Amino acid sequence: AVEYLLSLLLGCNSAIDSIPPKQKKLLAKIVTNHPNLLQLDVDSNLRSTAHFLRDYCDLTDSELATVVGSNPSILGLAVDGNLRPKMQLLTNVLEKGTKQGSSSSSIDDSDVKKTALRKSILKHPQILSLS
């Protein structure tokens, strides 16, 4: 689990000794504040959640690292039971907001929704922890 957390935060697989001090400090903070993440299965929990967030919100590896680094507890959330319904709700709310504020119908709605969701998650990653 620690190795996978490292790969998320660094965007690559690195040995613990070669980690820059800033990332070591962040990893220590995550493990100290969220020790339950170490008990999660990498494949069925951590990796699936990270892949879902990356794909659904169209996040780069760096952006995913920022979101996870600022709100590590989201890695413990179930994709189908928690994150997917939450993302659908957020998308619906954002869709209503962009439709009211948009006068052009030539813009692809799915791109507008995905961009709005991505910006919202990057600006306020803590929203994913709300119930």
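The values are calculated or read from the model by the stated rules, or taken from the named source; none is laboratory data. If you're wondering where the values come from, they're calculated on a predicted model, not measured in any experiment. Neighbour counts run over all protein chains shown; Cβ positions are idealised from the backbone, glycine included. Side chains included, ligands, DNA and RNA excluded: accessible areas come from the protein's heavy atoms. Shrake-Rupley method; radii C 1.70, N 1.55, O 1.52, S 1.80 Å.
When the residues of the stretch 76-94 are filtered to those that are assigned to a helix (DSSP H, G or I) and touching a residue at least 40 places away in the same chain (Cβ under 8 Å), which remaining residue is farthest from His34 (Cα to Cα)? Ranking the candidates gives Lys86 first. Could you say whether any residue in the stretch 63-70 is hydroxyl-bearing (Ser, Thr, Tyr), within 21 Å of Leu122 (Cβ to Cβ), surrounded by 17 or more Cβ atoms within 10 Å (Cβ to Cβ) and touching a residue at least 12 places away in the same chain (Cβ under 8 Å)? Checked against the condition, which is being hydroxyl-bearing (Ser, Thr, Tyr), within 21 Å of Leu122 (Cβ to Cβ), surrounded by 17 or more Cβ atoms within 10 Å (Cβ to Cβ) and touching a residue at least 12 places away in the same chain (Cβ under 8 Å), the stretch 63-70 yields no hits at all.
Applying the selection to the stretch 17-35, what residues are surrounded by 12 or more Cβ atoms within 10 Å (Cβ to Cβ) and assigned to a helix (DSSP H, G or I)? If the condition is that a residue be surrounded by 12 or more Cβ atoms within 10 Å (Cβ to Cβ) and assigned to a helix (DSSP H, G or I), then Gln23, Lys24, Leu26, Leu27, Lys29, Ile30, Val31 are the ones that fit. In the stretch 95-131, of all residues being assigned to a helix (DSSP H, G or I) and acidic (Asp, Glu), the one that is modelled with the highest pLDDT corresponds to Glu95. Pairs linking a residue in the stretch 110-131 that is within 14 Å of Asn92 (Cα to Cα) to a residue that is among the basic types (Lys, Arg) and in a helix (DSSP H, G or I), with Cβ atoms under 7 Å and 6 or more positions apart or on different chains, do not occur. Could you go through the stretch 44-55 and let me know if any residue there is closer than 22 Å to Thr115 by Cβ, modelled with pLDDT of 80 or more, open to solvent by 60 Å² or more (accessible area, probe 1.4 Å) and outside any loop (DSSP other than H, G, I, E, B). Checked against the condition, which is being closer than 22 Å to Thr115 by Cβ, modelled with pLDDT of 80 or more, open to solvent by 60 Å² or more (accessible area, probe 1.4 Å) and outside any loop (DSSP other than H, G, I, E, B), the stretch 44-55 yields at least one hit.
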